[in-house]
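I have placed the structure first, in the form of structure tokens, so that the comments after it can refer back to it.
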Amino acid sequence: MSPVGKRVTIRSLLPSILAAVLMPGVLRAAEVSDPNSPRVASLSIQPSRIDPAAKDDTLMPKSGELTEGNAATFYTKAIKALPKDLDMYPVWGWLKTPLQDLPRGQAQMVMTRVKATLDLLHQGARCRSCKWPRFTPEATASGEAEYRHLTCLLCIKARLEITRGQYDEALDTIRTGLAVSKHVGEAPSIMQGRIGVSMASVSLLPLEDLAQAKNAPNLYRAFHALPRPLVDMEKAIASDEISQVAGTVMKQQVEGLYEKLRATMKQLDANVAALECVETLRHFAAGHDGRLPAKLSDIADLQIPSNPTTDKPFTYRVEGSKAILEPSVPKGGLPLHSTRYEITVTH
């Protein structure tokens with residue numbers, strides 16, 4: 001296609017592209033009743049001290065696992081391998097089901113059906129590089145649902161593994177989900193970038209289950225080692241073709257779009273940092289007879305992460321036996337992209 005033809009195509013799609021990218025995060029929207037309120041997660045955490053002698057758990061594939069190949073090729077194959085008659089509606093419901101109520105038999109049947117897809121995702125997530133084809137708005141928009149389904153399936157697999165006490169396997173599955181999200185989110189397309197951030201946000205959910213699982217390892221160091229931003233869309237924004245063809249009025253909307261995208265990046269990092277704080281609480285409780293600290297600064301032997309949206313400490317308070325860890329929404333962000341944690345300790 002000639003440069004002129006390419007411009008005409010993108011310009012004609014500008015309104016629909018902006019509407020799609022500015023749409024509130026569909027992966028989070030289903031979890032909250034009020035889009036102006038954060039998601040509320042009630043966690044009954046298991047005390048777990050950081051063991052300096054234990055092997056380092058990571059939340060990204062380890063360098064020794066990485067292979068040559070193009071991750072994007074594996075992801076395309078993974079989508080094609082999905083059974084055409086797979087009903088994802090109940091599967092998405094299992095993502096919000098309390099872990100003890102997860103229908104293990106049904107979930108395992110689905111995992112068996114999608115094994116080829118899961119294997120391809122595992123391979124792609126461990127590729128050193130991910131080279132996406134040229135930005136195509138139509139293809140990106142049509143593939144969004146499939147990418148969302150991939151994330152959901154990986155989360156259900158991790159949840160199943162947690163119910164069986166297979167924590168190493170669950171962590172490996174979570175690593176796959178976060179690596180796939182990062183690859184998708186750092187594609188040279190802001191539409192894919194938005195999808196990748198949403199995927200990463202959902203990929204964090206099984207880590208809430210792990211924090212509540214008996215004898216699960218403390219993942220403070222694993223969270224602390226994650227890259228910031230977890231999903232970096234700056235390259236996609238810098239090379240974005242939309243801004244190159246937008247008129248003066250549309251450019252204002254495009255700049256507003258970029259502000260919102262950067263806000264979702266910061267909010268994702270805030271969700272990661274909040275979960276890191278949860279791990280510090282597990283560590284503190286293990287050394288203080290199951291008690292929670294009156295304030296985060298009472299955890300003197302660990303570096304407490306700041307809230308990336310404010311560069312200040314997280315809002316934290318104790319109400320009776322429950323601690324509240326509250327989010328702060330960045331400029332241009334939406335409350336539904338954040339999580340308010342209500343935390344108790346399992347004794």
From the phi angles alone, apply the Karplus equation (6.51, -1.76, 1.60; θ = phi - 60°) to region 261-278 and give each ³J(HN,Hα) in whole Hz, x where the residue is Gly or Pro. 5, 5, 5, 5, 4, 5, 5, 4, 5, 5, 5, 5, 5, 5, 5, 5, 4, 4
Residue-ordered couplings for region 98-103, obtained by feeding phi - 60° into the Karplus form 6.51 cos²θ - 1.76 cosθ + 1.60 and rounding to whole Hz (Gly and Pro as x), are x, 4, 5, 9, 4, x
Projected area of region 76-175, taken from the Cα convex hull and averaged over every viewing direction, in nm²? 7.0
Under the Karplus relation 6.51 cos²θ - 1.76 cosθ + 1.60, θ = phi - 60°, what is the ordered set of whole-Hz ³J(HN,Hα) values for region 172-183, x standing for Gly and Pro? 5, 5, 5, 4, 4, x, 5, 5, 4, 4, 5, 4
How would you rank 61-67, 325-331, highest first, on the average number of other Cβ atoms within 10 Å across their residues? 325-331, 61-67
Could you tell me what a quarter of the Cα convex hull surface of region 182-305 works out to, in nm² with one decimal place? 8.9
In whole µm²/s, the translational diffusion coefficient that Stokes-Einstein assigns to region 34-123, given a Kirkwood hydrodynamic radius over C-alpha pairs, 10 °C and 1.306 mPa s, equals 92
Beta carbons within 10 angstrom, averaged per residue: use that to sort the peptides 274-286, 193-205, highest first. 193-205, 274-286
Surpassing 18 Å at the alpha-carbon level, of the pairs Lys84/Lys182; Lys115/Lys182; Lys260/Lys312; Lys131/Lys182, are Lys84/Lys182; Lys115/Lys182; Lys260/Lys312
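Bear in mind these aren't lab numbers, they're just calculated from the coordinates by the rules spelled out. Just so we're clear, the structure is a prediction, and the values are computed from it rather than from any experiment. Positions of Cβ are backbone-derived with ideal geometry, glycine not excepted, and every protein chain shown enters the neighbour counts.
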